[in-house]
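In what follows, a structure is listed as structure tokens, so that the remarks can point back to it.
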Amino acid sequence: HHGKKCKHFLDIRDLSKKDLQDMVVLGKQMKDMQENRKYPLHPTAPLKGKNVALIFSKPSTRTRVSFEVGIRQLGGDSVVLSTDTMQIGRGETIADTARVLSRFVDAMVLRTGCTDDLLGLAELSSVPVINGLTPTSHPSQIIADIMTFEEHRGSIRGKTLAWLGDGNNVASSLIEAATQFEFTLNLATPHAFSPSQEVLDWAKANGGNINVITDPKEAVRNADAIVTDTWVSMSDSDDGKQVRLKALAPYQVNADLMKLAASDAIFLHCLPAHIGEEVTEEVFESKQSVVFDEAENRLHAHKAILIWAMMDDDWRQYGSGK
Ligand code: CP
Ligand code: NVA
């Protein structure tokens, strides 16, 4: 509240490579700390006395519960809010909401159907704002995804990931991550559902190794991980649903495609999944599928994001537990 510039977690591209890497390390440390001690609370309770507002204008299972539980494990408290029961739902501006909530809480997480609302909140908030998903990105998911990849396959640097299906919000954050963590990303999407050109341009200007193609087989060849997501996101209107399902059908992740990837390739999906659409039951339930580790890692990744955003420059030390 002292005019200090806040560390907002809005997009993967905003952070330095070093901070991103150290954040993933901190996420792993958070997980080890919990598993080794068989005790869920962080020993130094870094968020003691702090409150975080979790604001949702769209449904959520993983993001909501993992932030709420993660905050508690760090010794803090949260207030979970749905915008339809807030005055925002009746037209109070984001600008005023930002200035009011800043005086009550120490950080905010927002999931919104309008990217400008996230940017507006961050602009006028005097406490850190964390992106909990917008129609254009989902960066908190991607920190957990990198953590999950590295748990199973070692350092992600120099590896190849394949994204199949819709070039959506999650794909955009993965493109930014490929650039920042220096892995190759092949995206196979139909032309009508290709990833954001603005994000691709950013990746290109920043040395990203990103290949956008239309052939799913080419994309997965020798890939170390295959990643997909729903074909109909929360921000997509129901009207276009049939068109989407038809155009995206050839991009379903099935056993034949998995065979073309590296023999030890993993399957990632942020969930919720639509079995029989973007992925077959066979792949989803296979040994290669690590989707529930990925979901679990949201908890630990979120603790790392909170510590990065809310603690001082010594944030890395909270991984030691001392
Ligand atoms: N993956 C993810 O963000 O899930 P929720 O929509 O349940 O939060
Ligand atoms: N792309 C999906 C992700 C859900 C976590 C959506 O935006 O609905």
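When the range 94-113 is filtered for residues that are of a type outside the set (D, E, K, R) and without any contact (Cβ under 8 Å) to a residue 24 or more places away in the chain, only Val100 remains.
Only residues that are within 14 Å of ligand 2 (Cβ to nearest atom), touching a residue at least 24 places away in the same chain (Cβ under 8 Å) and either loosely packed, with under 12 Cβ neighbours inside 10 Å or of a type in the set (Gly, Ala, Ser) (or both): list them for the range 191-240, please. Once the filter is applied, which keeps residues that are within 14 Å of ligand 2 (Cβ to nearest atom), touching a residue at least 24 places away in the same chain (Cβ under 8 Å) and either loosely packed, with under 12 Cβ neighbours inside 10 Å or of a type in the set (Gly, Ala, Ser) (or both), the range 191-240 yields Ser196, Ser233, Ser235.
The requirement of being under 22 Å from Asp313 (Cβ atoms), among the aliphatic types (A, V, I, L, M), more than 16 Å from ligand 1 (Cβ to nearest atom) and assigned to a loop (DSSP other than H, G, I, E, B) is satisfied by Leu47. Residues of the range 121-133 that are closer than 25 Å to Ala225 by Cα and open to solvent by 10 Å² or more (accessible area, probe 1.4 Å): Leu133 alone. Screening Phe193, Phe181 for residues that are of a type in the set (Phe, Trp, Tyr) and out of contact with any Gly (no Cβ under 8 Å at 6 or more places or on another chain) leaves exactly one candidate, Phe181.
Residue check: Asp293 meets all listed conditions (1) within 16 Å of ligand 2 (Cβ to nearest atom); (2) touching a residue at least 40 places away in the same chain (Cβ under 8 Å) but one, namely (1). Candidates are the residues of the range 268-288 that are outside any helix (DSSP H, G or I) and away from ligand 1 (no atom under 15 Å from the Cβ); the one that is surrounded by the fewest Cβ atoms within 10 Å (Cβ to Cβ) is Lys287.
For Thr136, the requirement of being within 16 Å of ligand 1 (Cβ to nearest atom), closer than 21 Å to Ile210 by Cα and open to solvent by 10 Å² or more (accessible area, probe 1.4 Å) is met.
The values are calculated or read from the model by the stated rules, or taken from the named source; none is laboratory data. None of these values were measured; they are calculated from a predicted model. A quick note on method: Cβ atoms are made from the backbone with ideal geometry, for glycine too, and the neighbour counts reach across all protein chains shown. Quick note on the areas: whole protein, heavy atoms, side chains included, nothing else; ligands and nucleic acids left out. Shrake-Rupley method; radii C 1.70, N 1.55, O 1.52, S 1.80 Å.
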